[in-house]
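Please treat every number below as a calculation from the coordinates, not as lab data. Not measured: the values here are computed from a predicted model. Here the Cβ positions follow ideal geometry from the backbone for every residue, glycine too, while neighbour counts run over all protein chains shown.
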Amino acid sequence: MNTYQNIQRKTQFEPNPNWIQIKTIDMHTGGEPLRVIVQGFPELKGNSVLDYRRYCKEYYDHLRTALMFEPRGHADMYGCILTPPNDKEGDFGVIFLHNEGYSTMCGHAIIALTTLAIEMKWVTVREGENEIKIDAPCGRINSYAQVKNDSIIGVRFHCVPSFVVGLDNSVEIPELGTITYDLAYGGAFYAYVDMDKHNFDFDLSKDYYQQLISTGMAIKKAVIQKNHEIVHPFEQDLSFLYGTIFTGKPQDEANDSRNVCIFADGEVDRCPTGSGVSGRMAIHNMRNQIGRGKNMNIESITDSVFIGSVIKEVDYGPFKAVIPQVEGTAHITGMHTFVLDPKDPMKNGFILR
């Protein structure tokens with residue numbers, strides 16, 4: 001038997017017992033990746049998703065970098081860890097991971113996890129509407145999968161109360177001049193920059209990927225330095241600016257708008273950004289630009305589309321907030337067993353951009 005025949009015969013992988021093994025299911029929502037960690041991650045201690053998030057950050061951040069960074073991931077990788085829910089009414093909790101750390105909300109992950117829960121039969125699946133209650137760091141997310149003939153035909157979620165902090169704020173940036181932005185929260189805080197109000201030398205296409213990153217990060221840093229209103233009314237751990245979202249005209253006339261989100265440490269969202277769309281629903285509601293029962297189709301840098309709408313208005317601390325709905329689709333791309341060899345000098349990962 002030659003070597004090639006032996007390779008074909010020995011298909012069962014026998015890892016070294018000293019290696020750490022972590023199993024994942026990889027997905028994408030509108031092109032944005034999600035690495036769902038399902039087995040092998042050490043137990044997280046605490047009594048809530050925010051507790052688990054703090055514990056993970058303190059004790060297992062090297063596993064975040066190992067799974068998000070190269071050589072297993074890349075600078076724009078995104079992932080999550082499943083946890084117990086906050087109470088017996090929830091189905092499960094989730095911690096979101098990226099190149100900078102841990103986010104508070106992720107709509108594309110909610111859409112993907114809802115899809116995965118149905119595909120993997122983690123929940124009892126019925127024809128018609130299936131509700132899944134997911135505890136994110138920002139709060140409980142109610143997600144809905146529509147099933148017909150055992151196939152998912154639609155996924156949508158109701159975000160946490162989303163609100164506007166300020167409209168038409170401005171900040172001076174030496175290399176950019178005066179930047180006008182709206183500040184809003186949709187499970188995470190974003191600075192929204194309307195392309196039509198500025199004379200940027202780039203547009204919201206893939207051709208200007210690097211310019212979008214550098215400009216978006218410059219705006220994010222300037223807004224953080226100037227704005228002291230990035231404060232969640234109930235939870236200090238949620239009180240930070242997550243990213244800059246550029247908004248503009250759609251490239252497909254069938255859509256209403258285009259979103260490009262630069263978040264964390266210069267990541268570019270491939271999808272329209274679920275939490276970002278949630279914040280936009282609050283902005284458009286405050287400006288009387290979207291009526292109840294009306295949809296807004298928002299496309300991304302990859303031309304994928306989320307559908308946003310406003311379900312209802314609510315009071316949320318000092319804010320007049322809305323409950324947004326966001327619709328999208330997700331798909332499984334692979335199932336992996338990653339190994340971490342203690343002798344590997346790059347076991348915890350690295351990033352080159």
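Computed values, structure above
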{"quantity": "Residues that are of a type in the set (Ser, Thr, Tyr) and in contact (Cβ under 8 Å) with a residue 12 or more places away in the chain, drawn from segment 39-56", "calculated": "Ser48, Tyr52"}
{"quantity": "Test for Phe157: is it of a type outside the set (A, V, I, L, M) and in a strand (DSSP E or B)", "calculated": "yes"}
{"quantity": "Where Trp122 falls short, out of the listed (1) of a type in the set (A, V, I, L, M, F, W, C); (2) in contact (Cβ under 8 Å) with a residue 40 or more places away in the chain; (3) out of contact with any Gly (no Cβ under 7 Å at 6 or more places or on another chain); (4) more than 20 Å from His232 (Cα to Cα)", "calculated": "(2)"}
{"quantity": "Segment 223-237, residues that are within 21 Å of Thr180 (Cβ to Cβ) and either in contact (Cβ under 8 Å) with a residue 24 or more places away in the chain or of a type in the set (Phe, Trp, Tyr) (or both)", "calculated": "Val223, Lys226, Asn227, Glu229, Ile230"}
{"quantity": "Candidate set: segment 165-198, residues that are touching a Ser or Thr at 6+ places or on another chain (Cβ under 8 Å) and without any contact (Cβ under 8 Å) to a residue 24 or more places away in the chain; chosen: the one surrounded by the most Cβ atoms within 10 Å (Cβ to Cβ)", "calculated": "His198"}
{"quantity": "Every residue from segment 320-351 that is surrounded by fewer than 18 Cβ atoms within 10 Å (Cβ to Cβ) and of a type in the set (Phe, Trp, Tyr)", "calculated": "Phe350"}
{"quantity": "Residue in segment 267-281 that is in a strand (DSSP E or B), free of Cβ contacts under 8 Å to residues at least 60 places away in the same chain and touching an Asp or Glu at 6+ places or on another chain (Cβ under 9 Å) present", "calculated": "no"}
{"quantity": "Answer from Val310, Val326 - the residue that is over 24 Å from Tyr78 (Cβ atoms) and touching a helix residue (DSSP H, G or I) at 6+ places or on another chain (Cβ under 6 Å)", "calculated": "Val310"}
{"quantity": "So Asp182, is it under 18 Å from Arg280 (Cα atoms) and of a type in the set (Asp, Glu)", "calculated": "yes"}
